[in-house]
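**Q** My structure is below; once you've seen it, I'll send some questions.
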Amino acid sequence: MSREDDIRRMSELVDLLEYHTRRYYVDNSPEISDFEFDALLRELQELENKYPDMASPNSPTKRVGSDLTSEFASAEHRFPMLSLQNTYSSEELGEWIDRIIREIGEVEFVCELKFDGTAISLTYENGELLQAITRGDGRRGDDVTNNVRTIRTVPLRLQGEDYPSLFEIRGEIIMPYASFDRLNSEREAAGEPLLANPRNAAAGTLKQQSSQVVAHRGLDCTLYNLAGNDLRFMTHYESLEAARRWGFKVSEHAKVCRTREEIEAYIAHWDTERKALPYATDGVVIKVNRYADQRTLGSTAKAPRWAVAYKFQAEKALTKLTSVDFQVGRTGAITPVANLEPVQLAGTIVKRASIHNADQIAALDIRLGDMVYVEKGGEIIPKITGVELSERPAGSTPFEYITHCPECGSQLVRIEGEAKHYCPNTSGCKPQIIGRIEHFVKRKAMDIEGLGGETIELLWENGMLSDIADIYNLDPIALASLPRLGEKSAANILEGVRISKSVPFERVLFAIGIRFVGETTAKYLATHFRTLDAIAAATAEELAEAEEIGSKIAESIIAYFAEDNNRTILDRLRSAGLRFEIEDKVCTSNALSGKNIVISGKFEGRSRDDMKALVEEHGGKNLAAVSANVDFIVAGDNMGPAKRQKAEKLGIKILNEQEFMALISSAENTATDATPEPAAEAEERVVVDTKPIQGTLF
Ligand code: IVH
């Protein structure tokens, strides 16, 4: 086949794949099998490999994502992204409607569902997706175009011809319940923390560094507002219909309403019906339909006066409290968990709920056998929010909180000012021991493969593991002879243990499980103090000098090192060869000695981490943000315009990758003043002006 034939076929394939993507994802009526679809996609991919310069950035092959990591550049919205005024009661909503009618006279409204996801603004130029920006602060957001391209319901090229040459369309990126449940079961199986709700999951997914990951998460995008200078429509409703024709997914449930009664009926209908929808909604948005009326009403600085959001009451369910379990965490903290008669709530069946602590049980006067209200808040486990007293069984008695640990029988203690009870038996209480070991071996800590929860328990039961230091004294023969383990798993564990000895100090510090010292705090402490001994010797005031360390954390660190048992364990870990101090990076030269450098954007030859490693190898220090302390910036492609503007304002020099490489290779011996003169090209770079266009709808 000639090049011309191939290129013609490429364009044909793009059209075909776009058509079938729409049939499948937007219209829900596929015409070809997944197999046939994949074959077309593969054919296109092969042609694109052959003619990389002919591949469009919006090609359907880009839907599968790339595993290149990307720092999100920030970008300005052409039209500010306003938020909505909220109302929670029908009186308030009624006042809003009356006010609009007073101002406008006869008016039409459009009622829509309020989708519970994360807002997005898509820009299309000549029918092609140009950019996708998150809301950010309403004026600027993150450019997440590559990730949004992987969402099948976002058209990469529009249908028809009557779309404006340049416009933005706003909508919501949502994670349907089905994708959310799948993602959480995968996370549960992998021992990763669960995501609290589809909204957080959608927002978190969109900010994933790898678009390949995004492509697998099953996001969806529904559009609800058009923004542009020359929209040619008289009403919002018409614009939604047009957007649907152009290939966007637009909700079928938008409805024109003319009276307060119609609006109230819409709300009442969806307050119940939404429970059957496959995605989360948290209210109804009411918008004035005619653009001329929208202009008359105008906007405040924050929100348009022509729209309002009516928020549904959080979904509640009433069910019976059958019993209360008390869980003991790795720190000894006791958490009561309610067992309920299973009940349907906001898309899932709920069997357990949290009650937090003894005070809360007393405050709500929760009793066994009560009918209780459960609600989903921001957390994963729903919570009990009240008791239906009218259904309380006769003869019930107030709940008696436990006084002794359900696991080891020790008398519980309550630290002043804290709501929780604690089991003080740190070295003898099973869930605390197992919990601490589980924490120690987890991926972000010592990352010891092969030592899962069950194995830890098995080793504990066989007297081989009673604290984290025992991990480094495991007897290979005893290990291999344990039931359910065998030689292969034993060897695997021992290899994992051996490798863990080179885990960097900051992760060791996180792994030992000092209360309130999470991953980030451990990093700050390690950077500030450099050695474990220095941390152990520090006073509360000295600890508080490290970044992010407040008095609560400082006290907890001091209490940890004051305990003999902890000090013995640390000595044993030290003898085992764990890293107790920050490792000094090997310096290849001191070309960048004393220089503070920001690495930003994507580079051609190396990853951003490699660039940062080079800075350290040559004696420089990496900083994350542009400030007056920065000596120079090394900028790759797509360095954020905000960073660039700030750098220019502060007069900080910007080098490109080649200039930086030249600097470190030439200055290896002459490291007196490494601040370079920027090349002419670097200085001539222009900041793109994306000021909002005047006289728009928003
Ligand atoms: S219209 C200027 N319509 O709710 C008005 N917003 O609380 C632009 N939302 O930022 C928004 N469903 O993220 C509109 N049908 C809908 C919506 C909707 C969800 C979100 C959107 C907005 C937030 C305000």
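Each value in this text was obtained by applying a stated rule to the coordinates, not by laboratory testing. Please read all numbers here as calculations on a predicted model, not as lab measurements. Because the Cβ atoms are built from the backbone with ideal geometry, glycine has one as well, and the counts that use them run over all protein chains shown.
**Q** Can you give me the C-alpha center-to-center distance between the stretch 512-537 and the stretch 355-419, rounded to a whole angstrom?
**A** 35 Å
**Q** Assign one of three labels to the stretch 511-550, namely rounded, prolate or oblate, based on the Cα gyration tensor with a ≥ b ≥ c the square roots of its eigenvalues; rounded applies when a/c is under 1.5, prolate when it is not and a/b is larger than b/c, and oblate otherwise.
**A** It is rounded, given that a/c, with a ≥ b ≥ c, falls under 1.5.
**Q** Students often forget the sequence filter, so: which lysines lie under 19 Å Cα-Cα from Lys351 once same-chain residues fewer than 8 apart are removed?
**A** Qualifying lysines at Cα under 19 Å: Lys275, Lys316, Lys320, Lys376, Lys383.
**Q** To make sure I understand, if each residue's beta carbon is the centre and we count other beta carbons within 10 Å, what order do Glu487, Glu112, Glu106 fall in, fewest to most?
**A** By the 10 Å Cβ count, ascending, the order reads Glu106, Glu487, Glu112.
**Q** With the contact rule set at Cα under 8 Å and sequence spacing of 6 or more, what percent relative contact order holds for the chain?
**A** Across the chain, relative contact order equals 11 percent.
**Q** With the Cα gyration tensor of the chain in hand, convert its eigenvalues to equivalent ellipsoid semi-axes via √(5λ) and list them largest first in whole Å.
**A** Taking √(5λ) for each eigenvalue gives 47, 40, 26 Å, largest first.
**Q** Which aspartates and glutamates have a Cα less than 15 Å from the Cα of Lys62, not counting those fewer than 8 places away in the same chain?
**A** Those aspartates and glutamates meeting the cut-off are Asp15, Glu18, Asp38, Glu43, Glu46, Glu48, Asp53, Glu128.
**Q** Once phi is turned into θ = phi - 60°, what whole-Hz ³J(HN,Hα) does the Karplus curve with 6.51, -1.76 and 1.60 give for every residue of the stretch 316-332, x standing for Gly and Pro?
**A** 10, 9, 10, 8, 8, 7, 8, 7, 10, 9, 10, 9, 10, x, 5, 8, x
**Q** Right, another one. Among Thr87, Thr281, what is the fewest-to-most ranking by other Cβ atoms within 10 Å?
**A** By the 10 Å Cβ count, ascending, the order reads Thr87, Thr281.
**Q** For the stretch 288-362, give the magnitude of the charge dipole about the Cα centre (Cβ charges: +1 Lys/Arg, -1 Asp/Glu; no others), in debye to the nearest 20.
**A** Using only the charged Cβ atoms, the result is roughly 400 debye.
**Q** How big is the dipole moment of the stretch 375-459 about its Cα centre under a simple scheme where the beta carbon of each Lys and Arg is +1, that of each Asp and Glu is -1, and everything else is neutral? Debye, nearest 20, please.
**A** For this selection, approximately 180 debye.
**Q** Collect residues whose amide H, placed 1.01 Å from N in the peptide plane, falls under 5 Å from the amide H of Leu130; neighbours closer than 5 in sequence don't count.
**A** Thr123, Tyr124, Glu125
**Q** Next up: Express in whole angstrom the spacing between the alpha-carbon centres of the stretch 188-235 and the stretch 87-112.
**A** The stretch 188-235 and the stretch 87-112 have Cα centres separated by 30 Å.
**Q** Along the charge dipole of the stretch 261-341, Cβ charges K/R +1 and D/E -1, which of Tyr279, Ile263, Ala292 sits furthest on the positive end?
**A** Highest projection toward the positive end goes to Ala292.
**Q** Taking H placed 1.01 Å from N in the peptide plane, check which residues at least 5 places from Leu655 or on another chain put their amide H under 5 Å from its amide H.
**A** Ile633, Val634, Ala635
**Q** Identify the trypsin sites (Lys or Arg not before Pro) of the stretch 396-491 meeting these criteria: DSSP loop state and at most 10 other C-beta atoms within 10 Å of the C-beta.
**A** Arg484
**Q** State the three equivalent ellipsoid semi-axes of the stretch 295-380, derived from the C-alpha gyration tensor as the square roots of 5 times its eigenvalues, in descending order and whole Å.
**A** That gives 38, 17, 12 Å for the three semi-axes.
**Q** What ranking do Arg258, Arg367 get, fewest neighbouring Cβ atoms within 10 angstrom at the top?
**A** Arg258, Arg367
**Q** Now for a different question. Rounded to the nearest 20 debye, what is the charge dipole size of the chain about its Cα centre when +1 sits on each Lys and Arg Cβ and -1 on each Asp and Glu Cβ?
**A** Value, rounded to 20: 680 debye.
**Q** Which of rounded, prolate, oblate describes the stretch 148-270, given a ≥ b ≥ c as roots of the alpha-carbon gyration tensor eigenvalues and a/c under 1.5 marking rounded, otherwise prolate only if a/b is larger than b/c?
**A** Note, shape of the stretch 148-270 comes out oblate.
**Q** Let me ask you something else. From the backbone phi of the stretch 281-297, what are the Karplus-calculated ³J(HN,Hα) couplings (6.51 cos²θ - 1.76 cosθ + 1.60, θ = phi - 60°) in whole Hz, Gly and Pro given as x?
**A** Coupling constants for the stretch 281-297: 10, 10, x, 10, 9, 10, 10, 6, 6, 6, 4, 4, 5, 4, 5, 4, 6 Hz.
**Q** Same structure, new question: Can you tell me what share of the DSSP beta bridges in the chain is antiparallel? A percent to the nearest 5 is fine.
**A** Given both bridge residues lie in the chain, the antiparallel proportion sits at roughly 85 percent.
**Q** Which lysines have a Cα less than 22 Å from the Cα of Lys287, not counting those fewer than 8 places away in the same chain?
**A** Filter leaves Lys114, Lys249, Lys255, Lys302, Lys311.
**Q** Considering only Ala469, Ala526, Gly486, whose Cα is most displaced toward the positive end of the charge dipole of the stretch 440-526, charges sitting on Cβ of Lys, Arg (+1) and Asp, Glu (-1)?
**A** Of the candidates, Ala526 comes out farthest on the positive side.
**Q** By per-residue mean of other Cβ atoms within 10 Å, what is the highest-first order of 407-413, 220-226?
**A** Per-residue mean Cβ counts within 10 Å order the peptides as 220-226, 407-413.
**Q** While we're on this one: Pull out a ≥ b ≥ c, the square roots of the eigenvalues of the alpha-carbon gyration tensor of the stretch 463-550, then state rounded if a/c is under 1.5, prolate if not and a/b is larger than b/c, and oblate in the remaining case.
**A** Since a/c reaches 1.5 and a/b is larger than b/c, the shape of the stretch 463-550 is classed as prolate.
**Q** Pull up all non-local amide H partners of Cys257: gap of 5 or more, or a different chain, and H-to-H distance under 5 Å with H placed in the peptide plane.
**A** Phe109, Val110, Cys111
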